[in-house]
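Input: a single structure, listed below in structure tokens.
The values are calculated or read from the model by the stated rules, or taken from the named source; none is laboratory data. As the structure is a computational prediction, the values presented were derived from the model and not from experiment. All Cβ positions, glycine included, derive from the backbone under ideal geometry; neighbour counts span all protein chains shown. Protein only, heavy atoms only, side chains kept; ligands, DNA and RNA dropped before computing areas. Shrake-Rupley method; radii C 1.70, N 1.55, O 1.52, S 1.80 Å.
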Amino acid sequence: MRTSSNPAFRNLPAGQGGGYATFDRQGGAMGGAAAYADTQAAEAGYGRAGAGERPLTMDDVVTKTAITGAVALATGVLTALSGAFWLVLPAFIVGLVVSLIVIFKQSNNPGLILTYSAAMGVALGGITGALEMSGTQFQGIGFQAVVGTAGVFVGMLVVYKTGAVRVTPKFTKWLMGAMFGVVILMVVNLVASFFTTGGLGLRDGSPLAYLFSIICIGVAAFSLLLDFDMADRAVRDGAPAKFAWYIAFGLMTTLVWLYIEILRLLSYLRQE
């Protein structure tokens, strides 16, 4: 049974049938939490839909993912337009705490998952709004980041559905190694930034920072393939329909990371 690099899907049980003030530090904290969740994840059977339960369908996954995405987008836009940028740090903390609860309890509670989406929408909207207001060169960057994130999502879905890249055990191991490598570098860069200006230079807009951001975007994008594969398996294994909320949560965690990295790369390009 293959697992996912996504902390939520990493915890998704196997079926029984076959640099910016708080920008850099928040991103590093999220990556560190993801790695911690990976090491703590337990494998357990989610089972098949029982008597009186409707089995999971792909429509359920699409619907719940669309709802969580819409909530994040709405709260993000409202935060950016209202100028309530002080909510960024509290929202990140709420999102992190809720995500850990969902991951460790394997919860498919829609209230918790929508709370996570709303909190992350506020956090990302606050970061984006503050960035756009920091200079004319950053105006419109939020829209570009949203379009870029959506484009990567659709592109990787096409790649998955066409079988252009097959999700094999070897591919999974390679991607997991890449993810842990990226997280370790983030943490080391964060620690180094306390002692030297710019740390290792991974988030200072230098050519090395460009390269690192592109690598992060690539790892996050390929992580979506594993997430799609895990959702496919849950559907084929006949998991309960309510499990769609948990799958939607897993996809959202990847999209949040992807958006942050795309926004960061665009900020580098806008500074030129």
Is there a residue in segment 45-62 that is surrounded by 16 or more Cβ atoms within 10 Å (Cβ to Cβ), at pLDDT 50 or above, touching a strand residue (DSSP E or B) at 6+ places or on another chain (Cβ under 8 Å) and of a type in the set (Ser, Thr, Tyr)? yes
Would you point out which residue out of THR79, THR128, THR115, THR136 is under 27 Å from LEU225 (Cβ atoms) and hydroxyl-bearing (Ser, Thr, Tyr)? THR128
Pairs returned, first residue in segment 79-106 that is closer than 20 Å to ILE247 by Cα and open to solvent by 70 Å² or more (accessible area, probe 1.4 Å), second residue that is assigned to a loop (DSSP other than H, G, I, E, B) and charged (D, E, K, R), beta-carbon separation under 7 angstrom, 6 or more apart or interchain, are none
Selection within segment 98-119 - over 20 Å from VAL61 (Cα atoms) and either outside any helix (DSSP H, G or I) or within 15 Å of the chain's Cα centre (by Cα) (or both): VAL98, LEU100, ALA119
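Just give me the residues in segment 107-118 being β-branched (Val, Ile, Thr) and surrounded by fewer than 22 Cβ atoms within 10 Å (Cβ to Cβ), in sequence order. Don't jump to the end; show me each part of the working.
Pass one, segment 107-118, residues β-branched (Val, Ile, Thr): 113, 115.
Hit for segment 107-118 is THR115, nothing else.
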